[in-house]
Amino acid sequence: MKYLPCLLASLLLAGCVHGDDVERLQAGMDREQVRAVMGPPEGSAHSPGKDCAYYTVLKDFWSRTPWSMSDRYYVCFTDGKVDTYGRVDQPASAQMTAR
């Protein structure tokens, strides 16, 4: 019973992506390349011609606050390649896009 809190914490952290992984994303990557970097998505959304995957990314130690230890990120694909990606709460002007 005394190990239960440690077990729960490790299970919660196992499903999260770290901030360094997001920096490895590049426009033009295919789904398998993104999965290799980010792991399986937590959720997804589909619209004609575009699919988006959603991830929870742990903040680095110095950026964490008791009420905010992670950020939500998206990766959107057009024709199977990364088109845009970024933090969910970022303004549209700060999104990463393919050129």
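Only the coordinates and a few stated rules stand behind these numbers; no lab work does. Please read all numbers here as calculations on a predicted model, not as lab measurements.
Structure notes:
- Close amide-amide hydrogen proximity is noted between G39 and no other residue 5 or more places distant or on a separate chain, at a cut-off under 5 Å (H modeled in the peptide plane; Pro and chain starts excluded).
- Per-residue Karplus couplings for the range 27-34, computed as 6.51 cos²θ - 1.76 cosθ + 1.60 with θ equal to phi - 60°, are listed in order as 4, x, 5, 8, 4, 5, 5, 5 Hz, Gly and Pro entered as x.
- Using θ = phi - 60° in the Karplus curve 6.51 cos²θ - 1.76 cosθ + 1.60, the 3J(HN,Hα) couplings for the range 45-57 round to 9, 10, 9, x, x, 9, 10, 10, 10, 10, 9, 9, 10 Hz; x is entered for Gly and Pro.
- For T84, distant residues with modelled amide H under 5 Å away: C76
- Built amide H within the under 5 Å cut-off of S70, gap 5+: K59
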